[in-house]
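Everything on this sheet refers to the single structure shown next.
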Amino acid sequence: MAIRSMTGFARAAGTLPDGSSFAWELRSVNGRGLDVRLRLPPGLDALESPLREAAAARFARGNISANLTVKREDRAPRLTPDPVALERAIALVEEVAAMLPGAAPARPESVLALPGVLKTEVEIPDEAAEAARRAAILSGFNTALEDLFHSRAAEGAKLHLILTTLLDEIEALRGAAVAEAARQPEAHRARLSAVLAELLEGERRVPEDRLAAEVALLAARSDVREELDRLGAHVEAARALLAEAAPVGRKLEFLTQEFGREANTLSAKSGSLALTRIALDLKAAIERLREQSANVE
């Protein structure tokens, strides 16, 4: 059961060196190729390239949506006095106090409350800390990718069972078609003899050799042995693909198209109602096979 589905979900969480927490959520659905869509908080754009490379190293196909959330610790902003503004504020307060004899001295908190005296301290980014932060986020992404890989493998095991069951059904229908096709020459002879007897109303008989020639012509036109042989070969090829370890989704999708061509030709060349019914059942089973194959990586 080596095949993997393109459908899966994974989540990974962790803590950053500054105490912040982060969480990755990855969702994967069907896709013709590999398409990785990243949603990152501001300031982490530099991670896009290594994140995409990490995803491409693990997966060959699928539309993968990766969402990163980061929750920072709530910290009160650190305020520091602006020396120049503080000196000016003190001088202004003293000047006003001198103009108002008997006024109470200014309180420190009043001075600090004046506009521009206090400012928020801006933290200077530390390169080493930022590198450690990015490394932790990338490590969490790799953990999520690993979980997504196992999720898709688990879905692939279920898909393997479905595809195998469908191939068994197609193989059984092919066997029924082989048996019905073997009866077609005799059915042509009986049908042609009945038609001629009705048209001639017993007045004269058609020479046996002429009748045999007409039957042979009809049988040649409705000969489906090649189509049934190719259909059998396609079933074997599909089973071999399901046993491979490499991604085989594209090959399997192409092969189902070949299945469909043989079923269509079988239906078009059918010389009996029974064979036509088998061909229709084959088409239905092959369509289900095609739909399920679209989920294979």
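The values are calculated or read from the model by the stated rules, or taken from the named source; none is laboratory data. What you are looking at is a predicted structure, and each value in this text was computed from that prediction instead of being measured. Ideal geometry is used to build each Cβ from the backbone, glycine not excepted, and the neighbour counts take in all protein chains shown. We work out accessible area using only protein heavy atoms, side chains counted, and drop any ligands, DNA or RNA first. Shrake-Rupley method; radii C 1.70, N 1.55, O 1.52, S 1.80 Å.
Specify which of the listed residues (His160, His150) is within 24 Å of the chain's Cα centre (by Cα) and open to solvent by 70 Å² or more (accessible area, probe 1.4 Å).
Only one candidate passes the filter, namely His150.
Can you work out which of the residues in segment 261-270 that are among the small types (Gly, Ala, Ser) and open to solvent by less than 70 Å² (accessible area, probe 1.4 Å) is farthest from Val235 (Cα to Cα)?
It comes out as Ser270.
Condition check ((1) β-branched (Val, Ile, Thr); (2) touching a residue at least 60 places away in the same chain (Cβ under 8 Å); (3) surrounded by 11 or more Cβ atoms within 10 Å (Cβ to Cβ)) across all residues:
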position	(1), (2), (3)
Asn30	no, yes, yes
Leu40	no, no, yes
Asp45	no, no, no
Pro50	no, yes, yes
Ala54	no, yes, yes
Phe59	no, yes, yes
Pro81	no, no, yes
Arg88	no, no, yes
Ala98	no, no, no
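In segment 213-240, which residues are surrounded by fewer than 19 Cβ atoms within 10 Å (Cβ to Cβ), aliphatic (A, V, I, L, M), at pLDDT 90 or above and more than 17 Å from Ala176 (Cα to Cα)?
Selection gives Ala237, Ala240.
For segment 241-297, which residues satisfy the criterion of being among the polar types (S, T, N, Q) and either under 15 Å from Asn30 (Cβ atoms) or in contact with a strand residue (DSSP E or B) (Cβ under 7 Å, 6 or more places away or on another chain) (or both)?
Within segment 241-297, Thr256, Gln292, Ser293, Asn295 meet the criteria.
Report every pair of residues separated by at least 6 positions or lying on different chains whose Cβ atoms are under 7 Å apart, first residue within segment 167-180 and modelled with pLDDT of 95 or more, second open to solvent by 30 Å² or more (accessible area, probe 1.4 Å).
Leu167/Arg239; Leu173/Asp281
Do you know which residues across segment 271-293 are open to solvent by 30 Å² or more (accessible area, probe 1.4 Å) and small (Gly, Ala, Ser)?
Ala274, Ala284, listed by residue number.
Are any residues in segment 6-49 of a type in the set (D, E, K, R), part of a strand (DSSP E or B) and within 12 Å of the chain's Cα centre (by Cα), and if so, which ones?
Arg27, Asp35
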